[in-house]
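Read the structure below first, then the notes.
The values are calculated or read from the model by the stated rules, or taken from the named source; none is laboratory data. Since this is a predicted model, take the numbers as computed values, not measurements. With ideal geometry, Cβ positions are generated from the backbone for all residues, glycine too; neighbour counts draw on all protein chains shown. Please note that ligands, DNA and RNA were not included when accessible areas were found on the heavy atoms of the full protein model with its side chains. Shrake-Rupley method; radii C 1.70, N 1.55, O 1.52, S 1.80 Å.
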Amino acid sequence: MSFRTTSSAFDYVEDVSPGSGALPPRAWYASSDAKALPLDGAWRFRLSATADAEDDSFAEEGYDAAGWAEVTVPGHWVLQGDGAFGLPIYTNHLYPFPVDPPHVPTENPTGDHLRVFDLPADWPADGGAVVRFDGVESCARVWLNGTDIGEFKGSRLAHEFAVGHLLKPKGNVLAVRVHQWSAGSYLEDQDQWWLPGIFREVTLLHRPAGSALDFFVHASYDHLTGEGTLRVDSDVDGRVLVPALDIDVATGESVTALVAPWSAESPRLYDGELVTEGERIPLRIGFRTVALEDGLIKVNGKPILLKGVNRHEWHPEKGRTLDLATMREDVLLMKRHNINAVRTSHYPPHPAFLDLCDEYGLWVIDECDLETHGFTEQNWRDNPVDDDRWTPALLDRAARMVERDKNHPSIVFWSLGNEAGTGRGLTAMAEWIHGRDPERLVHYEGDWNCRDTDVYSRMYADHSEVEQIGKELDGGTLGRRGLPFIQCEYAHAMGNGPGGLADYQDLFEKYDRLQGGFIWEWIDHGVRHPELGYAYGGDFGEELHDGNFVCDGLIFPDRTPSPGLIEYKKVVEPVRIEGAEGTVRVTNKYDFADLSGLAFEWSYDVEGETVEAGTLSVPALAPGESADLKLPEPPAHEGAEAQWTVRALLASDTAWAPKGHVVAWGQLPASSVVRPSVAPTDRPVRGEKLITLGPASFDGRTGALKAIGGVTVENPRLDVWRATTDNDEGTEWATGIRYSTLWRTLGLHRMRHRLDSVEVGEDALTVRTRVAPAAREVGLTAVYRWTSDGSKLRLTVSVGPEGEWTQPLPRLGIRLGLPEADQVKWFGGGPGEAYPDTHRASMVGRWDSTVDALQTPYLRPQENGARADVRWVELGGLRIEGDPEFSFTARRWTTEQLDAATHLTDLRAGDTVWVNLDHGHHGVGSQSCGPGPLPQYHLRAEPAEFSFVFSVLPR
Ligand code: IPT
């Protein structure tokens, strides 16, 4: 039964069909000679609250739109107009409207867009023309010069309309009505902001008589003979020219030549041209063969290991409207961080991005614009992918992706979509794709039985399950058992983390069946906001939202790398450098390249400072090969700690980084760590109000440290709390534990300190305390033992758990306050942060920073910025040495303030710099959407003892 009164002129909005009037999909390219007129820039814009609020008279020639607002095309209207055009909405998988397919709410923001244009003077009079829309969210109806030319859905796909017969030299009126919600929205439930608008380019393309329609470049490589075979199928006959290979052949005919193959490591492209009677089209041909062979994904005869990321298109001001420079920045950042693969989660990207992947070399999983995740809330009932009425829309989306993108050598997999459950529609898509392009493989994660796919793909499987799969002990359908495995998403990069990357990589490298994975995800989708810095879900008053779950990238919204990216770069480096006692072992971990593109350097570092350096000659090892190389005789040095650091650098400029760019590194200890020692020769002296010991004075009643020399110190005392990270917070749907809830329930964020005794002894001041939360029997005894040799002050903290501790501690160390601190210098791990399971990129050295620069700006404030394996740190007039090495953080706010903040703009510098000196940290894990820290990274409540030595720096 239906009571809908919407007039039939708007039925297309809720129609499950892909639309009408558009031309068949075809390859996307920029012609060398056919004219094109970009229609980007300012468009007239009128926003209505419902789809049917206005009739179509605005599309008529002569309509006066002078009173309308303006928006920039390409762009999302909710990111323009300072809120006057509505606001973004963020939900992860919940539909922000009732699930009643294919219906959408009556409140359906609808943007009428108008653009008047003249043809350029040199626009040819003959031939036809098409208008191409590269991306419109979510449904559009189009008129040219008053004629209705069609309507379409499929937001991140190209749609073309034939318009030659409608064009006139001057005063063409292009009218586009865009509805935020449509039946298509049910197919676009990706975890991202809902952002309506004409967000990719609109272009008028001249189509000369005899121009190409569609063409398909088939360029394979035979690794046994070294020959490439090229055949370009074209709807319009013509010739194919590849000067470098002396190729001049008719379309449809195969030709073979000796070639250099294309791979992500050596992305050799041959410039060519498709010449039809009416048009010349540049081709960039990469010869490579993708195959599923012996249960492995092979390219050019070799199994590949994917070191990937999931990339959403994101810009903090422009949303999913990305310019070429931003796309290039993404690709360059990926290449510079040893990433070799990208999954275009969860829709085909702007085609220019794929050009860049071809050019710079990245393996691509191109994913269809399809996700119906919200149906999980009703057990997938009514899921469009299992309902034949929707199949034409699904096939249309598959075809629009494959046809548009089929000429990119970088694409090795077509992906049916993301999180759409299972169903016949997916099978239909896979069958169509396999038929149309048997030269690539098909991916889809949502069906663990792998009915339609050429790979067993999962997301967020924990380490032990991945290992089972690697050992082929995971069972599954017969079809699945023969397939290689990838994690299309893993290591959720939300906030501080992801932890456990190196442990995953070890597995990927150990088992052939495991062919790598793709980190979730590339970039935080924070929206630049005048008061909040970056906004996330809920900041625009959404009635339903998923908070900062949209900020889970390896780079911040402004594209600065977060520590997770630095860690990933180290973990997936293509050269392993390891060793001991003056012998370094270098292993080539590329799939194709030898090491001739790299130069190697060593340095001998004493207390983090290089005292000697030189080059290391490393043979051009083939993939998989290792060499053991002798380092020179170490220079003489006394007493101080020393390391070898060996770096692999680019030997010459590449397209993506200059000569000298560090690709990989390793460190070998050359001595043991030197621990500080202080002879307890000084006596504590009890005065009237104070106790003094060496350079320090203490409160006579509480034994609390008050000052060291001239430096006032806010009493150091035991601290176990950290501002919970996104991973500590976990999520309902994550597999891990919610540490935040466990810890807060126990009361670890509100520990109280009971003073038991202050003992002035022969050679030490001893303060005994018990630290415990209200309402609980568990507690920690903390004994502070102070000694001095008259100039240095040593604190030894002994911690003993009491009661039954079942939970790990967030951290274990001391916290103190300094009245002022700005410059920070240390010898230890750096330059960036490190936690027990995000530790590989931490290099032992001499580092400096400022207190402010130590902070990692996670969009939702949380524990961050710890420097690990620190031997000593100098700040605020003090030098602090550790026994053993320690971690430190220093901030202008307290942990409690950090914990309470929701945005960086909540953090205000106070008068004290709060310093945590930590003996241990609980691992970071990835349980914001995945496993928690592995057991070896747990910080158990166990007896512990650690010391710090304080001395006053000369002024
Ligand atoms: C998975 C989604 O595929 C991805 O889009 C994103 O939402 C990610 O999670 C979390 O950030 S789906 C999840 C149920 C594993």
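Numerical summary
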item: 18 Å Cα-Cα threshold exceeded, pairs from Lys318/Lys569; Lys659/Lys825; Lys298/Lys335; Lys302/Lys589; Lys307/Lys570; result: Lys318/Lys569; Lys659/Lys825; Lys298/Lys335
item: The stretch 46-105 and the stretch 590-630: distance between their alpha carbon centers, rounded to Å; result: 57 Å
item: Neighbourhood charge, 13 Å Cβ-Cβ cut-off, centred on Trp805 and excluding it, Lys, Arg +1 and Asp, Glu -1; result: -2
item: Globularity index of the stretch 685-952, i.e. its alpha-carbon radius of gyration over 2.2 N^0.38 Å; result: 0.99
item: Solvent-accessible area, 1.4 Å probe, carbon plus sulfur percent, for the stretch 573-669; result: 48 percent
item: Rg over Rh, two decimals, the chain (C-alpha only, Kirkwood Rh); result: 1.02
item: Per principal axis, descending, Cα span of the stretch 587-723 in whole Å; result: 75, 41, 24
item: Protection proxy ranking of 103-112, 134-143, 874-883, 608-617 - average other beta-carbon atoms within 10 Å, highest first; result: 134-143, 874-883, 103-112, 608-617
item: Per residue accessible area of the stretch 685-952, 1.4 Å probe, in Å²; result: 37 Å²
item: Highest average packing first - 784-793, 353-362, 325-334, Cβ atoms within 10 Å; result: 353-362, 784-793, 325-334
item: Solvent-accessible heavy-atom area per residue, rounded to whole Å², over the stretch 292-570 at 1.4 Å; result: 29 Å²
item: Within the accessible area of the stretch 292-570 (1.4 Å probe), percent carbon and sulfur; result: 47 percent
item: Whole-percent carbon and sulfur share, accessible surface of the stretch 827-910, 1.4 Å; result: 50 percent
item: Farthest positive-ward along the stretch 61-141 dipole, Cα basis, beta-carbon charges - from Ala129, Asn92, His103; result: Asn92
item: Point-charge dipole on Cβ atoms (K/R +1, D/E -1) for the chain, about Cα centre, debye to 20; result: 2520 debye
item: Solvent exposure of the stretch 11-207 as accessible area per residue, Å², 1.4 Å probe; result: 34 Å²
item: Residue (of Ala593, Trp380, His346) at the positive-pole extreme of the chain, dipole from beta-carbon charges; result: Ala593
item: Degrees between helix 351-360 axis and first principal axis of the chain (Cα, 0 to 90, nearest 10); result: 60 degrees
